[in-house]
Structure formats: C-alpha cells, structure tokens
1. I'd like to verify a number: residues in the range A:31-46 that are buried (at least 24 other Cβ atoms within 10 Å of the Cβ) and in contact with a Leu (Cβ under 9 Å, 6 or more places away or on another chain), how many?
2. Restricting attention to the range A:3-13, does a residue exist that is outside any strand (DSSP E or B) and hydrophobic (A, V, I, L, M, F, W, C)?
3. Looking at the range B:2-28, which of its residues are surrounded by 15 or more Cβ atoms within 10 Å (Cβ to Cβ) and farther than 20 Å from B:S119 by Cβ?
4. Take A:A51 and decide whether it is within 14 Å of chain B (Cβ to nearest Cβ), surrounded by 18 or more Cβ atoms within 10 Å (Cβ to Cβ), part of a loop (DSSP other than H, G, I, E, B) and over 13 Å from the mean Cα position of the chain (by Cα).
5. Out of A:S63, A:S67, which single residue is free of Cβ contacts under 8 Å to residues at least 24 places away in the same chain, out of contact with any His (no Cβ under 7 Å at 6 or more places or on another chain) and away from chain B (no Cβ under 14 Å)?
6. Just one of B:R31, B:R87 is surrounded by fewer than 18 Cβ atoms within 10 Å (Cβ to Cβ), of a type in the set (K, R), touching a residue at least 60 places away in the same chain (Cβ under 8 Å) and out of contact with any helix residue (DSSP H, G or I) (no Cβ under 9 Å at 6 or more places or on another chain); which is it?
7. For the range A:14-48, which residues satisfy the criterion of being assigned to a loop (DSSP other than H, G, I, E, B) and charged (D, E, K, R)?
8. Which of (1) in a strand (DSSP E or B); (2) loosely packed, with under 14 Cβ neighbours inside 10 Å does B:E46 not meet, given it meets every other one?
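Values quoted throughout were computed directly from the atomic coordinates according to the rules given, and no laboratory measurement underlies them. Being a predicted model, the structure only gives us computed values, none of them experimental. Counting neighbours? That spans all protein chains shown, and the Cβs are built from the backbone with ideal geometry, glycine included.
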Amino acid sequence: DIQMTQSPSSVSASVGDRVTITCRASQGISSWLAWYQQKPGKAPNLLIYAASGLQNGVPSRFSGSGSGTDFTLTISSLQPEDFATYYCQQANSFPLTFGGGTKVEIK
Amino acid sequence: QVQLVQSGAEVKKPGNSVKISCKASGYTFTRYYIHWVRQAPGQGLEWMGIINPSGGTTSYAQKFQGRVTMTGDTSTSTVFMELSSLRSDDTAVYYCLSGSTSLYYFDYWGQGTLVTVSS
C-alpha cells in the first residue's frame, strides 16, 4: 500500500496568512493526488484534483503543486471559513489511501 | 443535482453485522462508481472499497476482505455496504462517495452514517 504522510499535523495561523501543507507519498504517484477540506461533523469537500487542478467552485486562494512523491497545498490568504482539517489522497492505485490530516487552527 | 443519501445511525453489538444503504439521485445510477470510506472518531479517512453499480463488480481493501460486501440495486438506485463480525474498532462514520469526472477523485459524498459497536 502507498503511505501518505502529511505535515504538519496541525498549524496555527491568522486570517490573511499564507499556509502551506505538505504531503509525501511512499512511492511515486505521478500527479494522482487530491486534496480535501473537512469541517467538524461534515463530509470532506474536494478542493484540488490531479495535484494542481482547482475543483469547480473552490476559491482561487487554494492551489496545489507537486508530482512524484512530494506535494503541496497552499492557501494564499487564510480566510475565517478556511479553518478546518485538510487531507491528501493518492489516486494512483488501490487501495486508495489518505494522509493523516492537517488541522488549521486560529492563532 | 447529484445526491447520495445514506441510512441512519446504527448501534450494534460485537460480532454482529451492519448494512448501510446509499441512495443516489440526480444522475443515471449506473454512470458513476461508488466508493466507501470510513472515519473513526477523531481519526483520518480509510478507504474500504468500490462497486460498479453497472454489473456489480467490486474491489475491496485487503484489510476488509472477507468481512465486507458491497452490492447495488439498480431498481432503486441504491448501493449497500455490509460489514460483518463487528468489533469495537469498527465504530466510525461510514461514507459513500463518488466522482463525476474521475474514478478516483470524489466530489460527491453522502452525509455519513455513524455505526457504534458496543456491548
């Protein structure tokens, strides 16, 4: 199975800050990576697909980059509604696997 | 609009089975594969398997092989996930989900079904 490792596990930030979350795959997955945002008590919401594709309706302050084993999700200017937990997911092969999550908290 | 609506919360005893439904609407049922993912309290996401509603072919994560069964009913546009030999560590929210443009990226999620396993 492909292991997905996210860092940091949590980050404290203020509104307007730039936030970067990283995700590392245990083996190369090309660009087969998605990012999700999850708020408490809700299902995850797709933000980024194919490593850098912005899902319809997602604000442009979210961006994704990377390929192979190293990936990044960037929030360019954190907004109050962005405080949530973020997960990466590899889509290269079964079983699909997720990172452990990064909680973005209010500083 | 596309909707995946799941059945309600369940409380089960260890050793029992649970069967959760996921009713699809807003699109042709056989168009999108359905996946199941679970999330234990305070934990991350764990992929369980996939079903092709057209034909019923499945693929399960090895961890759940022998304990999970996914089926579909085209007459009601519903897929089912049954998990047997329940243990306390099966306590989780179970989600059905699907992707409209890709088999592997999920833009449609059910609301989740909490399964509590407790004696």
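1. 4
2. No, there is no match, as no residue in the range A:3-13 is outside any strand (DSSP E or B) and hydrophobic (A, V, I, L, M, F, W, C).
3. Those that are surrounded by 15 or more Cβ atoms within 10 Å (Cβ to Cβ) and farther than 20 Å from B:S119 by Cβ: B:L4, B:Q6, B:S7, B:I20, B:S21, B:C22, B:K23, B:A24, B:Y27.
4. Numbers: within 14 Å of chain B (Cβ to nearest Cβ): yes; surrounded by 18 or more Cβ atoms within 10 Å (Cβ to Cβ): yes; part of a loop (DSSP other than H, G, I, E, B): yes; over 13 Å from the mean Cα position of the chain (by Cα): no.
No.
5. On the way: A:S67 fails: free of Cβ contacts under 8 Å to residues at least 24 places away in the same chain.
Of A:S63, A:S67, the one residue that is free of Cβ contacts under 8 Å to residues at least 24 places away in the same chain, out of contact with any His (no Cβ under 7 Å at 6 or more places or on another chain) and away from chain B (no Cβ under 14 Å) is A:S63.
6. Matching residue, one of B:R31, B:R87: B:R87.
7. Scanning the range A:14-48 gives A:D17, A:R18, A:K39, A:K42.
8. (2)
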